[in-house]
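Trainee: Mind having a look at this structure? Questions to follow.
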Amino acid sequence: PLPHLRPVVLEQVPRALLLQPLDAAEEVTAAAADVYFSLGDRVVAITSGPGRPPVGTQGAVVGVHKGPAVEVLFDCPFVGGTDLQGRANGTVGAFLKGQDLLNLSNRSNQAPSAPGES
């Protein structure tokens, strides 16, 4: 194990969002398609690959774009990470698709309602 990584405990998370088998890929994409992100939301990486942190790496949303595309400042550096165009120190940032992340702050995955809406 790497000394800078610590175990992550996630509760009440659908199994398909945490596993990477090919048969779960469609479930992950469908479940993540309607995810809503806000600045400051805590997220965890649920996919891996070039330019993405290891699965289970946590961070905070620092930018939200259409798509949804999300800029995340992760808690620790990782291979392929960026400095978010000079806005972060070291390789702790990434520009990711919403389907690469699980939103820990907004588990209902719904946009916040405007005042007076129910």
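Where a number appears in this text, it was derived from the coordinates with a stated rule and is not lab data. Here the structure is a predicted model, which is why all the values come from computation and not from measurement.
Trainee: Taking θ as phi - 60°, what are the ³J(HN,Hα) couplings along segment 74-90 by the Karplus curve (6.51, -1.76, 1.60), each to the nearest whole Hz, with x for Gly and Pro?
Mentor: Result, ordered by residue: 7, 5, 9, x, 8, 4, x, x, 10, 9, 6, 6, x, 8, 10, 8, x Hz.
Trainee: Given H placed 1.01 Å from N in the peptide plane, which residues other than close sequence neighbours of A94 have an amide H under 5 Å from its amide H?
Mentor: V72, F74, T82
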